[in-house]
């Protein structure tokens, strides 16, 4: 099965200016980005606290792009319904945080059905978690987020082994005849994004690369214009 060639770009709000989130959200609105990536951290699953649902509600008020909500929290099932906003299109939970992953994925889809919103269900893997563990769930998910840094903080360096994990995941998906998005979160930059796409990913989460850029809109455009077939 051939994967989707046109990749998505998802600027990560974790790297935005929290003193003026409206400005940064509106910048993304007017860019070529496809969605806003929102990392919810609880200080338990990861060693950091980011923001909660009142902040997401405020972001939703100004966002015209889709919201891609990534729950880096323990007991995520308790909070799935809190993630459902007008612009929510993706909710991702961590494999490592879900005792009953099938139930968590079903709960995300059910939350979207109840709200009348087409919400996609995603599962995330930490860098040390093998892709093979998704064999029994891969056909039930719409997105797999591979963490390419140890989660919790922005601005970290990309873990090179992630490229092999992307290839392994793409192979697993081809075997299972499914075509979920492969999202890469952590250390994505202009100089490695092409290799990430060539390996088989099709969603680029970029935080510091976008929001610390002198021209964030242009950086988003550059990420969006990359093509894996252009890589050596």
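The values are calculated or read from the model by the stated rules, or taken from the named source; none is laboratory data. Computed from a prediction, not measured in an experiment: that's the story for all the values here. Note that we place each Cβ from the backbone using ideal geometry, even for glycine, and neighbour counts take in every protein chain shown.
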| query | Which of the following residues is modelled with pLDDT under 95 and touching a strand residue (DSSP E or B) at 6+ places or on another chain (Cβ under 7 Å): 186, 200? | reply | 186
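Confirm whether residue 48 is more than 17 Å from the chain's Cα centre (by Cα), surrounded by fewer than 17 Cβ atoms within 10 Å (Cβ to Cβ) and modelled with pLDDT under 95.
Numbers: more than 17 Å from the chain's Cα centre (by Cα): yes; surrounded by fewer than 17 Cβ atoms within 10 Å (Cβ to Cβ): yes; modelled with pLDDT under 95: yes.
It is true that residue 48 is more than 17 Å from the chain's Cα centre (by Cα), surrounded by fewer than 17 Cβ atoms within 10 Å (Cβ to Cβ) and modelled with pLDDT under 95.
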| said: Could you go through the range 151-172 and let me know if any residue there is surrounded by 17 or more Cβ atoms within 10 Å (Cβ to Cβ), under 23 Å from residue 66 (Cβ atoms), modelled with pLDDT of 95 or more and more than 16 Å from the chain's Cα centre (by Cα). | reply: no
| remark: Conditions (1) surrounded by fewer than 18 Cβ atoms within 10 Å (Cβ to Cβ); (2) out of contact with any helix residue (DSSP H, G or I) (no Cβ under 7 Å at 6 or more places or on another chain); (3) without any contact (Cβ under 8 Å) to a residue 40 or more places away in the chain -> residue 88 fails only (1)
| task | Of the conditions (1) at pLDDT 95 or above; (2) in contact with a helix residue (DSSP H, G or I) (Cβ under 7 Å, 6 or more places away or on another chain), residue 115 clears all except one; give me its number. | result | (2)
| query | Here is a list of conditions, (1) within 12 Å of the chain's Cα centre (by Cα); (2) under 18 Å from residue 149 (Cβ atoms); (3) surrounded by fewer than 22 Cβ atoms within 10 Å (Cβ to Cβ), and residue 71 meets all of them except one; can you say which number that is? | reply | (3)
| Residue count, the range 135-177 (criterion: touching a helix residue (DSSP H, G or I) at 6+ places or on another chain (Cβ under 7 Å) and in a helix (DSSP H, G or I)) | 12
| note | Selection over the range 1-45 where residues are surrounded by fewer than 22 Cβ atoms within 10 Å (Cβ to Cβ), touching a helix residue (DSSP H, G or I) at 6+ places or on another chain (Cβ under 6 Å), at pLDDT 95 or above and not in a helix (DSSP H, G or I) yields a count of 4
| message | Only one of 195, 180 is crowded, with 20+ Cβ neighbours inside 10 Å, at pLDDT 95 or above and under 18 Å from residue 10 (Cα atoms). Can you tell me which? | response | 180
| said: Among (1) in contact with a helix residue (DSSP H, G or I) (Cβ under 6 Å, 6 or more places away or on another chain); (2) assigned to a helix (DSSP H, G or I); (3) more than 13 Å from residue 16 (Cβ to Cβ), there is one condition residue 59 misses while meeting the rest; what is its number? | reply: (3)
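Within the range 113-134, take every residue that is in a helix (DSSP H, G or I) and under 18 Å from the mean Cα position of the chain (by Cα) and give me the one that is nearest to residue 82 (Cα to Cα).
First pass over the range 113-134, keeping only residues in a helix (DSSP H, G or I): 113-115, 131-134.
So of that shortlist, the ones also under 18 Å from the mean Cα position of the chain (by Cα) come out as 131, 134.
Values: 131: 28, 134: 26 Å.
Restricting to residues being in a helix (DSSP H, G or I) and under 18 Å from the mean Cα position of the chain (by Cα), the top hit is 134.
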